[in-house]
Each structure stands twice: as C-alpha cells, then as structure tokens.
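To start, the structure itself, in structure tokens.
The values are calculated or read from the model by the stated rules, or taken from the named source; none is laboratory data. In this text the structure is predicted, and so the values were computed from the model without any measurement. Cβ placement follows ideal geometry from the backbone for every residue including glycine, while neighbour counts extend to all protein chains displayed.
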Amino acid sequence: MPNIAVFHPQIVHFIVVLGFIGVGLRLLSLVTSIAWIKPAATLALLATAVAAVLGARSGDEAHQASERMPGARTIVQDHEALGERTRNLFLLVAGFEILALGMRKKEKIRRLALVGSAAAGVVAAFFLFEAAEHGGELVYSYAGGVGTRSGNPEDVKRLLVAGLYNSSRAAREAGDTASAARLTEELARQLPEDVGVSLLAARSLLIDRHDPAGAMAALDRIAIPPDNPRMVLQAGILRSDVYVAMGQPDSARAVLQRTGQLFPDNPRAQEIISEATAKLP
C-alpha cells in the first residue's frame, strides 16, 4: 500500500471536524425527533472511523522523522498512543452505528445501539481532543514535521532559518546579545542574497555587537531594491540609528529627511520617520 505519511495533517483535520460533529449529532438525535439528524450522525461517525484508521496509519508512517528529533520522542509516543486509542474508540462507535442500521426493525435493540454509540462517542471525543492537543504541541512546540514532512531540503532549510531568526530574537529579549549576534550571523550565512536578512545582520552589528562602524559598512554593501518601499524605509531608519550611535545626529536627521522625501504620499512612512526624528538627540 502507498505511504500516506505526507497526508497526515489533512487527514487528522477531517477526523477532528467529523468526529466532534458526529458525536454531537448523535447525542442530539437521542433527544430530538428531527429526521435528518439521525442519518447525518451515522454518516459523520462512519466517515470518522474510516478517517481515524487512515489517520493512525499515516501517523505511524510519519512519526519516525519527528521521533528522532532530540527531546521529541516522549511527546511523539504519547500522541501516537492517543491517536491509536481514538481510532479504536471510533471503530467501536462505528460498530454500534452499523448494529443500529441492521436493527432498524427492532426498535429496542436499535435504541440501545445508538445509546452505546453516543456513550462511546463521548469517550472517543475526549481522546480525540487529547490526541489533537498533543499533536498541536508536537507541531508548534517541538517542530514535529515542520520542514521535514515533505523531505524537501529547501523546507528543512526554512525550518533552520525560522529557528535561527526566532532564537536570535529570544536571546536578545533575554539580554543575551552575544548569542543573538551569533545566531543572526548564521542566519545571514544561510541567506546571503536576502536583503531583509542582510538588514537584520547590519542591525545586529549595531545593537548586539555595539559596532556602529561595522553596521555602517554592512549597510553600504547592501543593494536596497528601489522598488521596495518597506526595505528603503528600513534601511533609512537603520542608517539614522547608526549615525546616532556614531555621535552624528545631524547626519541622522539628514538621512531621515532624504528618506521622507521618497514617500511624500505615504502617511504611514511619514509617521514612522516623524517618530524617528523626534527621538533624535
């Protein structure tokens, strides 16, 4: 059978939506006589059981790459166990639903089967929530599958870039400017042609290394695209900050004035430049 690991995120979203809707409709069907609710609940719950089987299988096929990441093994195993329990419970729910379909002429047995489906469905919904919660933690707190699911080296590089960028910000906010500078330098090595990253590296020289001369030299080497107003504005603000750090506030003011002249009809840019000018010594 084909490997369906790559489809795990899509499949689990179907399970979550169909599972909670199906259980809710089944509970509602026990207390209301609205005709369409009963078959809708059956259809949703049977579809959930099928999706749960595929979800567990795709998760088993996808877990190895995530489990190998340092520190992620426990959360991967917990998520896997919860997913398998959810699958088993929804298969039990599906069994009750099929029994109810087969007992349409025996109202008492059919009713008991639907009650059993509802009861098992509530338990299944609880484990579905737990499995989804652990899956979210795995993805967003441990980067499980992020950048690695496709196996594309470019995606892995994007994961590295995101880690370097966010780690540098966290280090800077914690006051660890040495680590922030080191991480930003590595980010610049990973994306040497990215103008935005080059600006980040120049700013890091200023605020992390406290090297305004180095920051100015780095700025001079960056070819700012003239058709990118955001980067032109960023470069102008950064250059003015460097001049301030070098003890040249008049040069900083002149840079801001020239930058402002490039955006005569941009209120937001004028506001940013005005704020930066007001902060000058």
Task: Condition broken by residue 76, with the remaining ones in (1) closer than 23 Å to residue 7 by Cα; (2) surrounded by fewer than 20 Cβ atoms within 10 Å (Cβ to Cβ); (3) among the β-branched types (Val, Ile, Thr) satisfied - done: (2)
Task: Sole exception among (1) under 27 Å from residue 179 (Cβ atoms); (2) surrounded by 13 or more Cβ atoms within 10 Å (Cβ to Cβ) for residue 220, by number - done: (2)
Open item on the list: Being in contact with a Ser or Thr (Cβ under 6 Å, 6 or more places away or on another chain), at pLDDT 95 or above and surrounded by 15 or more Cβ atoms within 10 Å (Cβ to Cβ) is the requirement here; does residue 96 meet it?
Closed with: yes
TODO: Run down 100, 94, 118, 113 and say which single residue is within 30 Å of residue 139 (Cα to Cα) and of a type in the set (A, V, I, L, M, F, W, C).
DONE: 94
Task: So residue 65, is it surrounded by fewer than 21 Cβ atoms within 10 Å (Cβ to Cβ), under 24 Å from residue 115 (Cβ atoms) and at pLDDT below 95 - done: no
Task: Qualifying residues in region 1-47 (those that are among the hydroxyl-bearing types (Ser, Thr, Tyr) and surrounded by 14 or more Cβ atoms within 10 Å (Cβ to Cβ)) - the one nearest to residue 129 (Cα to Cα) - done: 42
Task: Filtered residues of region 165-209 (kept if touching a residue at least 12 places away in the same chain (Cβ under 8 Å) and assigned to a loop (DSSP other than H, G, I, E, B)) - done: 191, 208, 209
Open item on the list: Suppose we filter region 245-259 for residues that are among the aliphatic types (A, V, I, L, M) and buried (at least 20 other Cβ atoms within 10 Å of the Cβ); how many remain?
Closed with: 3
